[in-house]
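Before any comments, here is the structure.
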Amino acid sequence: MIDDREDEEGQEAEEQAEEQAEEQAEEQAEEQAEEQEQVEEEVMDGQILHKEENQDIEQMVETVLFSAGRPLTVPEIEESIGRPRTEVRKAVKKLRRMYQNRKTALEISKIGRKFSLQLKSEFNKYGMQMMDEEMSRPLLKTAALIAYYQPIRQSELKKMVGEKVYDHVDELKEKDLILSERDGRSYSLRTSPKFQEYFGLEAKDRDELKKIMSEKAGINE
């Protein structure tokens with residue numbers, strides 16, 4: 001009887017030990033599974049956050065360029081959105097590619113060290129019809145003539161537009177759109193760097209400038 005009782009007690013102890021071992025194994029497995037899920041969630045959250053941040057910076061850069069109404073340098077964009085300069089440069093490059101691949105009248109053009117969200121050159125003639133009201137059509141024509149014939153003497157320009165040339169030249173100088181240098185008894189007129197920025201053209205593209213402005217002024221090439 002004593003041997004049987006001891007055998008039963010030993011069997012019960014073994015069963016309890018096995019149950020405890022199984023419980024511990026299950027708990028460890030559950031903990032490992034929870035840890036793995038947490039890691040996967042953190043990775044997923046990080047990927048989503050990184051994607052959202054990339055989307056956000058591109059949208060922020062696009063918004064700043066659209067709202068500025070003038071070409072901006074990378075440091076100016078950086079200051080405006082508060083993001084690192086390297087990220088801004090990458091966003092600008094990506095946006096330029098995106099606009100190049102879109103079927104749209106807009107583009108992000110590089111003008112010197114600045115970037116501008118503007119009309120593509122082939123659509124400029126339509127956009128210019130709605131140009132800033134501050135610039136009247138006669139004044140715009142005078143500006144176009146200067147851009148087309150530059151450098152042009154003011155006395156020669158007067159023959160084309162009449163006495164109003166003096167008022168037009170003064171107004172264009174006030175807007176920093178043209179430069180004037182003494183040339184004998186007259187003045188030599190040419191466009192300033194700001195002229196290209198104002199009309200959204202690349203500074204180096206003189207032929208394109210002449211073409212667009214000649215169309216605007218009704219000049220036959």
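The values are calculated or read from the model by the stated rules, or taken from the named source; none is laboratory data. Just so we're clear, the structure is a prediction, and the values are computed from it rather than from any experiment. Positions of Cβ are backbone-derived with ideal geometry, glycine not excepted, and every protein chain shown enters the neighbour counts.
Scanning the range 147-157 for residues that are assigned to a helix (DSSP H, G or I), closer than 19 Å to GLY184 by Cα and modelled with pLDDT under 90 turns up just one, TYR149. For the range 76-113, filtered to residues that are touching a helix residue (DSSP H, G or I) at 6+ places or on another chain (Cβ under 7 Å) and assigned to a strand (DSSP E or B), the residue that is nearest to VAL61 (Cα to Cα) is ILE108.
Filter the range 170-192 down to residues that are more than 32 Å from the chain's Cα centre (by Cα) and either assigned to a strand (DSSP E or B) or closer than 19 Å to LEU209 by Cα (or both), then give me how many there are. Total meeting the criteria: 8. Selection within the range 186-212: residues that are closer than 17 Å to ARG113 by Cα and among the polar types (S, T, N, Q). The member of this set that is modelled with the lowest pLDDT is GLN196. Taking every residue in the range 65-92 that is outside the structural domain of GLY112 (by TED's automatic domain parsing) and pairing it with any residue that is among the polar types (S, T, N, Q) and in a helix (DSSP H, G or I), at least 6 positions away or on another chain, yields no pair with a Cβ-Cβ distance below 8 Å.
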